[in-house]
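The values are calculated or read from the model by the stated rules, or taken from the named source; none is laboratory data. Quantities reported herein were computed from a predicted structural model and do not represent experimental measurements. When we count neighbours, we look across all protein chains shown, and the Cβ atoms used for this are built from the backbone with ideal geometry, even at glycine.
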Amino acid sequence: MKCCKKTAVVEAYRFTKATFNRESYPLWLKESMEGDWENAKVKLWSQYGGKIIAGEINTSDGEIEFAEGDYIVREISGEIYSYEPDIFHEIYDEVLVYESNKQHANQIMSLLKTVLYIILGLAIILTLAGFNTIPADDSKNYELKTETYIVQRGDILDEITDKYMLKNTYDERGHDEFKQGIKELNMDNYPYIRYGEIKAGDRLQIHYWIRKD
């Protein structure tokens with residue numbers, strides 16, 4: 001009877017001087033090194049000031065030693081073994097290509113998500129700041145107005161918001177949304193406006209849309 005070995009995806013780490021530091025170890029390898037030295041599943045060491053590096057693995061078949069350049073592999077069963085490079089690539093080369101492509105794809109997806117979040121964040125900030133966009137078929141009928149309002153003694157931000165909401169003749173914007181837009185426009189000059197505070201003499205920049213006559 002002829003049989004074919006089943007394909008399996010394993011975790012692998014190549015033991016080299018460049019990767020011989022805890023920051024480079026995968027999580028499963030770090031976990032296998034936990035505990036006291038005698039009982040650790042995997043032991044790594046160096047000699048002669050790091051010129052020689054080596055290690056050993058405590059397996060169900062006994063202890064096995066490995067040297068620089070060998071691959072440490074965690075099988076599906078959870079057992080950890082080591083392989084010399086030639087033997088490792090003969091068995092796992094195609095799996096490594098797949099995992100590399102998968103990791104590359106995950107990195108691209110992560111980058112795309114980051115870009116998307118940045119775009120959404122900018123869109124929200126611009127909207128709150130009063131930069132409402134007008135539909136293409138309506139763009140000729142409205143224009144963005146900017147006014148400077150000098151805060152007077154006794155003024156409160158809610159009343160100023162209500163005053164300029166009446167001037168905004170494009171679309172209906174809620175009170176809180178409009179007030180947040182005023183805050184965003186003026187936060188750099190008056191940081192305390194973040195908490196709804198204003199002071200007499202503050203020169204507030206306010207945006208709103210109006211319908212052209």
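Pull out all pairs, ordered by first then second residue, where Cβ-Cβ is under 6 Å, the residues are six or more apart or on different chains, the first lies in the range 187-213 and is in contact (Cβ under 8 Å) with a residue 24 or more places away in the chain, and the second is of a type in the set (D, E, K, R) and surrounded by 13 or more Cβ atoms within 10 Å (Cβ to Cβ).
Close Cβ pairs satisfying both conditions: ILE193/LYS183; TYR208/LYS145; ILE210/LYS145.
For the range 87-94, state whether one or more residues are in a helix (DSSP H, G or I), at pLDDT below 80, under 18 Å from ALA12 (Cα atoms) and out of contact with any strand residue (DSSP E or B) (no Cβ under 9 Å at 6 or more places or on another chain). Give the derivation first.
Narrowing the range 87-94 to residues in a helix (DSSP H, G or I): 87-94.
From the residues that got through so far, the ones that are at pLDDT below 80 too are 91-94.
Still in the running and under 18 Å from ALA12 (Cα atoms): 91-94.
Imposing the further condition that a residue be out of contact with any strand residue (DSSP E or B) (no Cβ under 9 Å at 6 or more places or on another chain) reduces the set to 93-94.
The answer is yes, given that some residue of the range 87-94 is in a helix (DSSP H, G or I), at pLDDT below 80, under 18 Å from ALA12 (Cα atoms) and out of contact with any strand residue (DSSP E or B) (no Cβ under 9 Å at 6 or more places or on another chain).
Name the one entry in ILE80, ILE76 that is closer than 17 Å to TYR92 by Cβ and in contact with a helix residue (DSSP H, G or I) (Cβ under 7 Å, 6 or more places away or on another chain).
Exactly one residue qualifies, and that residue is ILE80.
Restricting to the range 194-213, what's the tally of residues that are farther than 20 Å from TYR142 by Cβ and at pLDDT 90 or above?
Residues that pass the stated criteria total 8.
Is there any pair with a first residue in the range 51-68 that is over 16 Å from GLU38 (Cα atoms) and a second that is at pLDDT below 85 and among the aromatic types (Phe, Trp, Tyr) whose Cβ atoms are under 6 Å apart and which are 6 or more apart or on different chains, and what are they?
ILE53/PHE20
For the range 1-23, which residues satisfy the criterion of being exposed (fewer than 10 other Cβ atoms within 10 Å of the Cβ) and at pLDDT 80 or above?
Once the filter is applied, which keeps residues that are exposed (fewer than 10 other Cβ atoms within 10 Å of the Cβ) and at pLDDT 80 or above, the range 1-23 yields ALA18, ASN21, GLU23.
Do we find a residue being aliphatic (A, V, I, L, M), out of contact with any Ser or Thr (no Cβ under 8 Å at 6 or more places or on another chain) and within 16 Å of GLU11 (Cβ to Cβ) anywhere in the range 41-57?
Within the range 41-57, not a single residue is aliphatic (A, V, I, L, M), out of contact with any Ser or Thr (no Cβ under 8 Å at 6 or more places or on another chain) and within 16 Å of GLU11 (Cβ to Cβ).
Can you find even one residue in the range 76-84 that is part of a strand (DSSP E or B), in the same structural domain as TYR25 (by TED's automatic domain parsing), of a type in the set (Val, Ile, Thr) and modelled with pLDDT under 85?
No, every residue in the range 76-84 fails to be part of a strand (DSSP E or B), in the same structural domain as TYR25 (by TED's automatic domain parsing), of a type in the set (Val, Ile, Thr) and modelled with pLDDT under 85.
Filter the range 180-213 down to the residues that are part of a loop (DSSP other than H, G, I, E, B) and of a type in the set (D, E, K, R), then identify the one that is surrounded by the fewest Cβ atoms within 10 Å (Cβ to Cβ).
Among those residues, the one meeting the criterion is ASP213.
Can you pull out the residues in the range 155-179 that are outside any helix (DSSP H, G or I) and either free of Cβ contacts under 8 Å to residues at least 12 places away in the same chain or in contact with a Cys (Cβ under 8 Å, 6 or more places away or on another chain) (or both)?
LEU166, GLU172, GLY174
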